[in-house]
DNA sequence: GTCATGGATGTAACCGGTTACAGTAACCGG
DNA sequence: CCGGTTACTGTAACCGGTTACATCCATGAC
């Protein structure tokens with residue numbers, strides 16, 4: 001305990017040791033003004049010797065830049081986030097930025113969200129915890145945000161990255177109906193207010209109408225895009241006294257599909273012989289489920305990557321507005337009833 | 001542009017409007033000194049009216065606390081991280097802390113890791129990017145760290161949370177050998193230096209010796225605990241001109257198992273009829289793979305939770321040292337050859 | 001009535017960087 | 001030889017909080 005053991009090396013210590021002013025050290029650090037070769041070399045050595053690492057908070061305070069971006073999500077209970085995080089990470093890696101993850105849902109404990117202008121330079125928003133008004137407020141304060149799987153509020157040009165939901169759901173439902181003759185298709189909703197779920201439901205309803213199949217509220221379950229929620233929900237449905245007929249299930253997400261398959265299995269309902277099942281996302285495990293899962297491939301890693309790139313564009317004062325809509329495609333495997341020998345579909 | 005649009009509300013603005021000093025405002029914010037009821041009420045209102053949010057960097061600079069903890073991982077390419085992140089998140093949620101994720105591997109571009117004493121109050125370390133010496137250095141500087149799936153360097157008491165690997169691998173291999181008569185078992189390594197992989201390999205070698213089965217270097221593949229790496233590796237092995245016999249595969253992780261199953265499938269090798277396969281982790285999808293995957297259940301969410309709790313103990317000056325070793329258990333399903341009718345194993 | 005005590009508040013230094021402004025020396029063209 | 005650049009460096013104010021120290025007042029013990 002010769003000195004305050006906590007006290008770390010500051011820029012002034014470095015400056016003194018190198019015989020220059022703090023300004024020069026700062027300039028060397030940020031290479032935003034010329035520093036002579038001799039001085040640079042000396043500083044480099046001194047910093048290394050002293051194990052100097054600039055104090056982030058001091059830097060942020062003075063420069064008004066945190067070099068941190070935030071990602072706000074409802075929760076992390078989903079394998080879906082792995083590709084998303086990877087997309088984000090891939091872009092951040094290149095820059096000299098950090099990455100803060102926070103969960104936030106409607107009615108969260110803390111009123112101001114854990115990430116925002118006070119601790120990040122910008123954020124990716126994959127959460128319905130913030131109202132449209134809140135988004136507009138952030139936007140007009142010039143705080144960079146990029147929405148993920150969410151449509152920008154009306155009259156704003158907040159950039160957004162999402163995937164095509166409705167058309168592809170229509171295609172998938174048509175496949176159930178035309179190819180497999182299904183008529184009683186269960187639709188599993190995602191979390192309330194989740195937009196993907198909204199669009200998928202629109203597609204679902206559209207198809208029913210187009211095929212003269214009556215809409216039945218009883219066939220709408222809540223899957224929460226979550227294996228556990230979906231499992232509970234499916235279980236409850238199956239155990240219901242006056243359970244209605246059904247011959248197919250669109251689970252809304254691959255993760256939910258896992259829960260559904262588990263429930264069906266426990267009731268000895270065979271897939272696809274008795275009911276068709278389809279998911280959404282095409283997560284890595286989908287092709288290896290039992291049976292291999294028919295699903296919709298969503299380019300989630302690309303979503304993360306593009307959203308982050310767009311955020312960096314904003315941070316670097318380039319203009320970014322409007323929605324980037326990435327295409328999705330149906331991946332037919334066995335769970336819908338198609339009799340592929342094995343899923344050698346690619 | 002009446003005022004600098006970027007300029008946000010500061011504590012002085014609040015103080016002025018409320019007719020008190022900044023000190024009082026600060027005390028109200030941190031409730032670390034008495035503030036009269038009347039003043040409190042007034043401040044509450046003023047803050048709300050002005051939409052005041054304390055500037056994190058300023059706070060950190062002055063208080064020497066960032067209220068951020070870091071998680072350092074090699075990469076995020078694995079569903080394994082979902083339960084881990086959830087464990088961490090669950091604990092952080094309760095406190096008023098933030099959570100920074102960074103990837104870092106041996107020989108990363110930036111020498112000082114992206115998270116450390118300069119921008120976090122402590123960190124969870126699930127990465128082999130930092131040498132033992134680096135750990136010791138951090139530790140002696142009193143920077144709180146908790147290791148995850150990594151043994152503390154010798155002579156240190158750095159807390160660590162991990163799972164039992166060796167004994168359970170021995171059990172699993174014994175199952176392959178005793179129950180299914182396997183003798184040519186492929187062992188897939190994880191990433192180089194990954195400790196779980198090291199212990200599992202020790203278990204593997206132990207069992208071979210105990211059963212008088214010769215060790216064959218050709219049966220050691222690199223799976224990287226990653227579905228793509230494992231797939232490539234398996235593919236290469238299978239396509240090799242002088243490929244050796246094998247009758248079982250311990251993939252090292254469920255994620256790798258996916259890649260292995262894919263490769264086997266493409267070579268029309270049937271699991272478990274021709275070869276047994278087992279994974280590790282028991283990720284959510286494992287029971288639904290085709291065939292359902294025999295694996296080892298690791299309490300990954302608990303690892304994340306406990307590690308984070310221990311980190312908070314350190315932050316709050318409570319003593320934490322030594323290894324917490326969480327138990328693992330074998331989950332028998334079909335991929336090893338056991339003929340369960342269906343995987344109603346729970 | 002006096003003095004000690006504790007509640008409530010204010011003043012100003014300080015945290016560790018950045019950067020506007022200023023200054024010096026070397027160099028260059030005419 | 002001189003005025004104007006350009007390269008490099010230094011001084012000190014500033015970013016927005018926290019907190020040590022001081023002050024003031026009301027209360028209660030004696």
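The values are calculated or read from the model by the stated rules, or taken from the named source; none is laboratory data. This structure is a prediction, so every number in the text was calculated from the model and none was measured. Note: ideal-geometry Cβ built from the backbone for every residue, glycine included; neighbour counts use all protein chains shown.
Conditions tested, residue by residue: (1) closer than 25 Å to residue B:178 by Cα; (2) buried (at least 22 other Cβ atoms within 10 Å of the Cβ); (3) in the same structural domain as residue B:180 (by TED's automatic domain parsing).
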position	(1), (2), (3)
B:208	yes, no, yes
B:216	yes, no, yes
B:221	yes, yes, yes
B:239	no, no, yes
B:255	no, yes, yes
B:261	yes, yes, yes
B:278	yes, yes, yes
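Out of B:136, B:148, one residue alone is more than 7 Å from chain A (Cβ to nearest Cβ) and surrounded by fewer than 20 Cβ atoms within 10 Å (Cβ to Cβ). It is B:136.
Annotation: residue B:283 fulfils all but one of (1) away from chain A (no Cβ under 14 Å); (2) buried (at least 19 other Cβ atoms within 10 Å of the Cβ); (3) at pLDDT below 95; the unmet one is (1). The single condition among (1) within 10 Å of chain B (Cβ to nearest Cβ); (2) touching a strand residue (DSSP E or B) at 6+ places or on another chain (Cβ under 6 Å) that residue A:78 does not meet is (2).
Right, residue A:193: within 14 Å of chain B (Cβ to nearest Cβ) and on the phi > 0 side of the Ramachandran plot or not? In short, no. Restricting attention to the stretch B:31-59, the residues being assigned to a loop (DSSP other than H, G, I, E, B) and either farther than 17 Å from residue A:114 by Cα or more than 32 Å from the chain's Cα centre (by Cα) (or both) number 9. Annotation: residue A:241 fulfils all but one of (1) within 14 Å of chain B (Cβ to nearest Cβ); (2) out of contact with any strand residue (DSSP E or B) (no Cβ under 7 Å at 6 or more places or on another chain); the unmet one is (1).
Could you tell me whether residue B:62 is out of contact with any helix residue (DSSP H, G or I) (no Cβ under 6 Å at 6 or more places or on another chain), part of a helix (DSSP H, G or I), within 13 Å of another protein chain (Cβ to nearest Cβ) and within 7 Å of DNA strand C (Cβ to nearest atom)? Yes: the conditions hold for residue B:62.
Of everything listed in (1) touching a residue at least 12 places away in the same chain (Cβ under 8 Å); (2) within 22 Å of residue B:94 (Cβ to Cβ), the single unmet condition for residue A:53 is (2). For the stretch A:179-202, the criterion of a residue being exposed (fewer than 14 other Cβ atoms within 10 Å of the Cβ), closer than 16 Å to residue A:250 by Cα and more than 17 Å from the chain's Cα centre (by Cα) is satisfied by at least one position. For the stretch A:19-30, give me each residue that is within 11 Å of DNA strand D (Cβ to nearest atom) and closer than 19 Å to residue B:112 by Cβ. Within the stretch A:19-30, A:25, A:26, A:28 qualify.
Screening B:264, B:238, B:208 for residues that are over 28 Å from the mean Cα position of the chain (by Cα) and closer than 19 Å to residue B:334 by Cβ leaves exactly one candidate, B:264. Screening B:119, B:98 for residues that are at the interface with chain A (Cβ under 9 Å from one of its Cβ atoms) and in contact with a helix residue (DSSP H, G or I) (Cβ under 7 Å, 6 or more places away or on another chain) leaves exactly one candidate, B:119. One residue alone among A:317, A:254, A:282, A:247 is under 30 Å from residue B:333 (Cα atoms) and more than 19 Å from the chain's Cα centre (by Cα), and that residue is A:247. Suppose we filter the stretch B:65-81 for residues that are without any contact (Cβ under 8 Å) to a residue 24 or more places away in the chain and either within 13 Å of DNA strand C (Cβ to nearest atom) or over 22 Å from residue B:145 (Cβ atoms) (or both); how many remain? Total satisfying the criteria: 0.
So, residue A:91, is that one away from DNA strand D (no atom under 16 Å from the Cβ), over 31 Å from the mean Cα position of the chain (by Cα) and either facing chain B (nearest Cβ under 8 Å) or touching a residue at least 12 places away in the same chain (Cβ under 8 Å) (or both) or not? No: the conditions fail for residue A:91.
Of the residues B:300, B:294, B:308, the single one that is within 23 Å of residue B:204 (Cβ to Cβ), more than 9 Å from chain A (Cβ to nearest Cβ) and in contact with a helix residue (DSSP H, G or I) (Cβ under 6 Å, 6 or more places away or on another chain) is B:300. Residues considered: A:53, A:9. Of these, the only one that is in contact with a helix residue (DSSP H, G or I) (Cβ under 9 Å, 6 or more places away or on another chain), more than 9 Å from DNA strand D (Cβ to nearest atom) and under 30 Å from residue B:304 (Cα atoms) is A:53.
Against the definition (within 25 Å of residue B:174 (Cα to Cα), outside the structural domain of residue B:79 (by TED's automatic domain parsing) and surrounded by fewer than 24 Cβ atoms within 10 Å (Cβ to Cβ)), how does residue B:246 come out, yes or no? Answer is yes for this residue. Of all residues in the stretch A:17-55, exactly one satisfies the criterion of being more than 10 Å from DNA strand C (Cβ to nearest atom), within 14 Å of another protein chain (Cβ to nearest Cβ) and surrounded by 19 or more Cβ atoms within 10 Å (Cβ to Cβ), namely A:47.
Please work out which residue is farthest from DNA strand D (Cβ to nearest atom), limiting yourself to the stretch A:58-72 and to residues that are surrounded by fewer than 24 Cβ atoms within 10 Å (Cβ to Cβ) and on the phi < 0 side of the Ramachandran plot. It comes out as A:65.
Selection over the stretch B:65-74 of residues that are assigned to a loop (DSSP other than H, G, I, E, B) and more than 8 Å from chain A (Cβ to nearest Cβ) gives a count of 3.
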